[in-house]
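Peer 1: One structure is given below, represented as structure tokens, and several questions about it will come after.
The values are calculated or read from the model by the stated rules, or taken from the named source; none is laboratory data. Quantities reported herein were computed from a predicted structural model and do not represent experimental measurements. Here the Cβ is made from the backbone with ideal geometry for all residues, glycine too, and neighbour counts use every protein chain on show. Remember, those area values only see protein heavy atoms, side chains included, never the ligands or the DNA or RNA. Shrake-Rupley method; radii C 1.70, N 1.55, O 1.52, S 1.80 Å.
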Amino acid sequence: MTTGTLTPPRKEQAAPDSPRPARRSRRGPFLAPYLFVAPFYIVFAAFGVYPLVFALQLSFTDWKGAGEAKFIGLENYTYLLTSEEFWSSLGNSAVMWLLIVPLQIVGGLAAAVLLANARLRLRGMFRVAFIAPFVTPLVAMAQVWIVAFDTDYGLVNHLFNLVGLPDVDWLQSTAWAKPTLALLFLWKTTGFAIIILLAGLQAVPSDVYEAAALDGASRKRQFWSLTLPLVRRSIAFLVVVQTLAVFQMFAEPFVVTQGGPYGSTTTGGLYLYNHILASDLGTGAANSFLLVLLVFALSLLSVRLLRSRDE
């Protein structure tokens, strides 16, 4: 019996380690959304936040636009709060608000209800007619207003004379200057109010009115019990926007009356402009922040008054 020699088993050579796939950095996908929105925040910080902070700092200084700004604390605010001209400009704006906003809400809502009626003929033409003044340049229409309401050669006084009425000093009288400007503002912005209210009306489901009609509710009852409560938010939004617009009103009195006669049409916005024109930038900045606080308080009051009971 022959015996063979035993050969030791060969050790298998381990395969060389295969290269592991490199891990992808998660920083790229994580930072990508922020990089996309970064331009907006950069522009907003440069043209929104920085001017606001600078104006707030400027309101505590005496600066004429050149040289070093001198810190004077609350003197600008004290001067404005004790100035008769400042309170007179706010009073003029308040009177303009009373002449504009209530009438615009009532008239705009009535026009929106009519335009929401599908059976109304020529609805498209009426909508275009209402929105056309809103997109018309204000300066051009202000010049038309100056000519139309001229005391001696104006069209309005000419029509008055045809029916035996005397001439009226529309733009030279302290009693009629504010109503004339309010009429221009109404003519210019009522189309915007109609759009907002019409959008609120069209958002109301038609099932609500059908159910009310089945219950025997009249059109008048539907308006007071359904339409008004359901468009309350649109009305509140419109009141806030128009309050801001009225107290910032500048172009209308600047072009038509230059703030006269005797300061009767100097609004809060025009009074602020007068400080900037006189290079009194510190007082102008303080005036702007006082206007912001006033408009914010009035807007908050309007929203609370128009808020529904369930909210």
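Peer 1: Within the range 66-102, list the GluC sites (Glu not before Pro) lying in a DSSP loop whose Cβ has at most 12 other Cβ atoms in a 10 Å radius.
Peer 2: Listed in order of number, the matching sites are Glu68.
Peer 1: Right, next: Under the rule of -39500 (n - 2.57) per DSSP H run of 4 or more residues, summed and divided by the residues of the chain, what mean residue ellipticity at 222 nm is obtained, to the nearest 500 deg cm²/dmol?
Peer 2: -20000 deg cm²/dmol
Peer 1: Using θ = phi - 60° and the Karplus form 6.51 cos²θ - 1.76 cosθ + 1.60, what ³J(HN,Hα) does each residue of the range 219-228 get, whole Hz, x for Gly and Pro?
Peer 2: 4, 5, 5, 5, 5, 6, 9, 10, 5, 4
Peer 1: Using alpha carbon centroids, what distance separates the range 51-86 and the range 145-202, in Å?
Peer 2: Each part reduced to its Cα centre gives a spacing of 37 Å.
Peer 1: Additional query: Kindly write out, for the range 57-62 in residue order, the coupling ³J(HN,Hα) from the Karplus curve 6.51 cos²θ - 1.76 cosθ + 1.60 (θ = phi - 60°), rounded to whole Hz, with x marking Gly and Pro.
Peer 2: 5, 5, 5, 9, 10, 10
Peer 1: Sort Arg232, Arg119 by accessible area with a 1.4 Å probe, largest first.
Peer 2: Largest accessible area first, the residues go Arg119, Arg232.
Peer 1: For the chain, what is the accessible area per residue in Å², given a 1.4 Å probe and the full set of protein chains?
Peer 2: Counting only protein heavy atoms, the per-residue value for the chain is 67 Å².
Peer 1: At 7 Å along the Cα-to-beta-carbon direction for both Ile276 and Trp187, put a label point, then send me their distance in nm to one decimal.
Peer 2: 2.6
Peer 1: How many percent of all Cα-Cα pairs in the chain sit more than 31 Å apart?
Peer 2: Everything past 31 Å amounts to 54 percent.
Peer 1: Can you tell me the 0 to 90 degree angle between the C-alpha axis of helix 123-135 and the longest principal axis of the chain, rounded to 10?
Peer 2: For helix 123-135, the angle is close to 90 degrees.
Peer 1: Taking 8 Å as the Cα distance limit and 6 or more residues as the minimum spacing, I'd like the relative contact order of the chain as a percentage.
Peer 2: Computed over the chain, the figure is 26 percent.
Peer 1: For a quick check: with amide H placed at 1.01 Å from N, whose amide H comes under 5 Å from Asp62's, ignoring anything fewer than 5 positions away on the same chain?
Peer 2: Result for Asp62 returns Lys70, Phe71, Ile72.
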